[in-house]
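A.B. asks: Can you read through this structure? Questions will come right after.
The values are calculated or read from the model by the stated rules, or taken from the named source; none is laboratory data. Everything numeric in this text was worked out from a predicted model, so none of it was measured. For neighbour counting, all protein chains shown are included, and Cβ atoms are generated from backbone atoms with ideal geometry for every residue, glycine included. We work out accessible area using only protein heavy atoms, side chains counted, and drop any ligands, DNA or RNA first. Shrake-Rupley method; radii C 1.70, N 1.55, O 1.52, S 1.80 Å.
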Amino acid sequence: MRPSVDLRDDFRLDLSSRREEYASADIRAFFHSIYTHAIPWAIYGKRWAKANRGAQHYGNVIDLLCRNCQDGQTVGLPVGPDTSRLIAEVVASAIDEQLRLRIPISPRDASRYIDDYTISGPDSQSGEVLIAALRQAASHFELELNSDKSAVIPTSARQNLGWKQAIRACIPKGNVIEYHQMQRYFYEIGRICETHPELNVEKYALTNARLALVRTTEWRRVQSSLINAYRRNPSLISFLVEILVLRQVEVHDVDVEAIKEFLKNRLPVLAQANRTGEIIWFLFLAIRLNLTLAVSCLEPLFHIENAMVALLVAVAASRNLVSGAVNYASWNSSLNSDGLRGPMWLYAYETVGLGINPGVPSLFLEQDDFFGLLQKKTCRFLDVDAGFTSLSSTIESLRGENTRMRHARKDFFEDFTLDIEELEDDEEFDLLDVDTGY
């Protein structure tokens, strides 16, 4: 069950009715800076863990596996997997315990949203004292507070409540959405963004307007507005790609020539900045929209050591979506048994296994003790054509996730336990009533 920022805001509102001020702080680059040895420290205690380093203790095994996920590095957790969320919660809960040793606090005094703390002392301790205690608790596990986000806030400050409801009230409804309705919606989003610059208002607003965006008229102007929104807010990249694919699937009116020109200018800029996540999304978009890209646009990518970038370029070339010859030389240096154990293993396995790497023998793959078994079973890790096949299937998937989340929260807060069997969901639904927010 993912944490809810709404619960944090509700706690702050309640706290503001009882106290004069509270301290707000979070941990600097939390996932990226977790010391893997701190995992067994959090589970067993630092002194005990340092004296008992054997693999018979599961905390040490988790420490080892986290390092193995990162070429042996002891700092940082892989960002994204739910396993990382669970492990990070173990460390954060241990910080909570250390904080309790330093100041007497209860659930009425403090809350934590992932690594974002709200603390008010029951005995009127100053905010500076509370932040200092939290800093000491975090340093026990080799972590630091983010000084830029540590502050003492008077409880007279206005809380960030109601903006989601304001956005949802503005979402255009109906089977056909006129452009002036979307124009008004974009304007209202902008006003709320200015009011709450610390929140990702734009992402919430747009991801809750999928139906309206797919059904709007004058698509080209909306398309330009969405690309402009992405330029302001790169976190919209996945949504931008999703809505462009869905619009093309449903209406077939995406301005592909404008998208090609956008990618021609954007990909080299992203390559120079090594923003591989965005490059991957845009390569996926080009493939799904069947856009032919000039090899000159892709040349800056040929020396980026990223398996997904290389693999998607190879997929595009195999579908005749690259105008010109792709230079595989740098990437193909990983096509051997050592490459299957390195960061380019996905490229080596998929391009050779799929037969989309020109003139490369597959013997090294077939003879590998592990990947040979996967190849024999024709196991694949990439299917570019899966997902985003229709608006209804996408909405249904999101709706199912949201319904299960609501059921999980309700079930949990009734008795603080989860009954998985109660979370099955077979209800029918109306697409117009679906909550498509994350």
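A.B. asks: In the stretch 231-245, is there at least one residue being in contact with an Asp or Glu (Cβ under 7 Å, 6 or more places away or on another chain), farther than 30 Å from Gly342 by Cβ and either in a loop (DSSP other than H, G, I, E, B) or open to solvent by less than 40 Å² (accessible area, probe 1.4 Å) (or both)?
C.D. replies: For the stretch 231-245, residues in contact with an Asp or Glu (Cβ under 7 Å, 6 or more places away or on another chain), farther than 30 Å from Gly342 by Cβ and either in a loop (DSSP other than H, G, I, E, B) or open to solvent by less than 40 Å² (accessible area, probe 1.4 Å) (or both): present.
A.B. asks: Can you give me the number of residues within the stretch 221-269 that are farther than 21 Å from Ile189 by Cα and in contact (Cβ under 8 Å) with a residue 60 or more places away in the chain?
C.D. replies: 4
A.B. asks: Only one of Glu278, Glu257, Glu305 is closer than 23 Å to Ala348 by Cβ and acidic (Asp, Glu); which?
C.D. replies: Matching residue, one of Glu278, Glu257, Glu305: Glu305.
A.B. asks: When the stretch 5-41 is examined, which residues are found to be under 18 Å from Gln73 (Cα atoms) and aliphatic (A, V, I, L, M)? Give the derivation first.
C.D. replies: Our first condition is that a residue be under 18 Å from Gln73 (Cα atoms); within the stretch 5-41, this holds for 29-41.
If the condition is that a residue be under 18 Å from Gln73 (Cα atoms) and aliphatic (A, V, I, L, M), then Ala29, Ile34, Ala38, Ile39 are the ones that fit.
A.B. asks: List every residue pair whose Cβ atoms sit under 9 Å apart, with the two residues 6 or more apart in sequence or on different chains, where the first one lies in the stretch 15-40 and is more than 25 Å from Arg108 (Cβ to Cβ) and the second, anywhere, is open to solvent by 50 Å² or more (accessible area, probe 1.4 Å) and in a strand (DSSP E or B).
C.D. replies: Filtered contacts from the stretch 15-40: His32/Val75; Ser33/Val75; Ile34/Val75; Tyr35/Val75; Thr36/Val75.
A.B. asks: Please go through the stretch 293-303 and give me each residue that is open to solvent by 50 Å² or more (accessible area, probe 1.4 Å) and part of a loop (DSSP other than H, G, I, E, B), ordered by number.
C.D. replies: Residue satisfying the conditions is His303 alone.
A.B. asks: Looking only at the stretch 122-145, which residues are open to solvent by less than 40 Å² (accessible area, probe 1.4 Å) and modelled with pLDDT under 90?
C.D. replies: Gly127
A.B. asks: Which residue pairs have Cβ atoms closer than 9 Å, lie 6 or more positions apart in sequence or on different chains, and pair a first residue in the stretch 280-295 that is within 11 Å of Leu263 (Cα to Cα) with a second residue that is among the hydrophobic types (A, V, I, L, M, F, W, C) and in a loop (DSSP other than H, G, I, E, B)?
C.D. replies: Leu285/Leu291; Ala286/Leu321; Leu291/Leu321; Thr292/Leu321; Leu293/Leu321
A.B. asks: Okay, moving on. How about the stretch 246-264: which of its residues are modelled with pLDDT of 95 or more and open to solvent by less than 10 Å² (accessible area, probe 1.4 Å)?
C.D. replies: Answer for the stretch 246-264, where residues must be modelled with pLDDT of 95 or more and open to solvent by less than 10 Å² (accessible area, probe 1.4 Å): Ile259, Leu263.
A.B. asks: Additional query: In the set Asn332, Asn306, which member is open to solvent by 10 Å² or more (accessible area, probe 1.4 Å) and either of a type in the set (D, E, K, R) or within 25 Å of Ser238 (Cβ to Cβ) (or both)?
C.D. replies: Selected residue: Asn306, the only one of Asn332, Asn306 that is open to solvent by 10 Å² or more (accessible area, probe 1.4 Å) and either of a type in the set (D, E, K, R) or within 25 Å of Ser238 (Cβ to Cβ) (or both).
A.B. asks: Tell me, which residue of the stretch 6-21 that is open to solvent by less than 40 Å² (accessible area, probe 1.4 Å) and touching a strand residue (DSSP E or B) at 6+ places or on another chain (Cβ under 6 Å) is modelled with the lowest pLDDT?
C.D. replies: Of everything passing the filter in the stretch 6-21, Arg8 is modelled with the lowest pLDDT.
A.B. asks: Looking at the stretch 81-121, which of the residues that are over 28 Å from the mean Cα position of the chain (by Cα) and of a type in the set (Lys, Arg) is least open to solvent (accessible area, probe 1.4 Å)?
C.D. replies: In this case the residue turns out to be Arg102.
A.B. asks: Now, a different point. Among the candidates Gly59, Gly80, single out the residue that is of a type outside the set (A, V, I, L, M, F, W, C) and touching a Phe, Trp or Tyr at 6+ places or on another chain (Cβ under 8 Å).
C.D. replies: Within the list Gly59, Gly80, the selection yields Gly59.
A.B. asks: Another question, if that's okay. Restricting attention to the stretch 267-292, and to residues there that are open to solvent by less than 10 Å² (accessible area, probe 1.4 Å), not β-branched (Val, Ile, Thr) and not in a loop (DSSP other than H, G, I, E, B), which single residue is nearest to Gly339 (Cα to Cα)?
C.D. replies: Leu283
A.B. asks: A further question follows. Checking the structure you have, find out if any residue of the stretch 72-79 is open to solvent by less than 60 Å² (accessible area, probe 1.4 Å), under 22 Å from the mean Cα position of the chain (by Cα), closer than 18 Å to Asp26 by Cα and of a type outside the set (Lys, Arg).
C.D. replies: Just the residues of the stretch 72-79 that are open to solvent by less than 60 Å² (accessible area, probe 1.4 Å), to begin with: 72, 74, 76-78.
Checking which are under 22 Å from the mean Cα position of the chain (by Cα) leaves us with 76-78.
Those left that are additionally closer than 18 Å to Asp26 by Cα: 76-77.
Within this subset, residues satisfying the condition of being of a type outside the set (Lys, Arg) are 76-77.
Looking for residues that are open to solvent by less than 60 Å² (accessible area, probe 1.4 Å), under 22 Å from the mean Cα position of the chain (by Cα), closer than 18 Å to Asp26 by Cα and of a type outside the set (Lys, Arg), one finds at least one in the stretch 72-79, hence yes.
A.B. asks: Considering Leu398, Leu382, Leu365, which residue is in contact (Cβ under 8 Å) with a residue 12 or more places away in the chain, within 20 Å of the chain's Cα centre (by Cα) and closer than 30 Å to Ala314 by Cβ?
C.D. replies: Testing whether each residue is in contact (Cβ under 8 Å) with a residue 12 or more places away in the chain, within 20 Å of the chain's Cα centre (by Cα) and closer than 30 Å to Ala314 by Cβ leaves just Leu382.
A.B. asks: When residues of the stretch 309-341 are filtered for being free of Cβ contacts under 8 Å to residues at least 60 places away in the same chain and assigned to a helix (DSSP H, G or I), how many remain?
C.D. replies: Total satisfying the criteria: 14.
A.B. asks: Right, another one. Does the stretch 344-362 hold any residues that are assigned to a loop (DSSP other than H, G, I, E, B) and either within 32 Å of the chain's Cα centre (by Cα) or under 15 Å from Met308 (Cβ atoms) (or both), and which are they?
C.D. replies: Those that are assigned to a loop (DSSP other than H, G, I, E, B) and either within 32 Å of the chain's Cα centre (by Cα) or under 15 Å from Met308 (Cβ atoms) (or both): Met344, Leu354, Gly355, Ile356, Asn357.
A.B. asks: Right, here's the next one. Would you please name the residue that is nearest to the chain's Cα centre (by Cα), looking only at residues in the stretch 22-59 that are surrounded by fewer than 16 Cβ atoms within 10 Å (Cβ to Cβ) and among the aliphatic types (A, V, I, L, M)?
C.D. replies: This residue is Ala29.
A.B. asks: Also, I was wondering about something else. Output yes when any residue across the stretch 383-394 is modelled with pLDDT of 90 or more and open to solvent by 50 Å² or more (accessible area, probe 1.4 Å), and no when none is. Full working, then the answer.
C.D. replies: As a first pass, look at the stretch 383-394 and keep what is modelled with pLDDT of 90 or more: 383-385.
Those left that are additionally open to solvent by 50 Å² or more (accessible area, probe 1.4 Å): 383, 385.
Yes, there is a match, as at least one residue in the stretch 383-394 is modelled with pLDDT of 90 or more and open to solvent by 50 Å² or more (accessible area, probe 1.4 Å).
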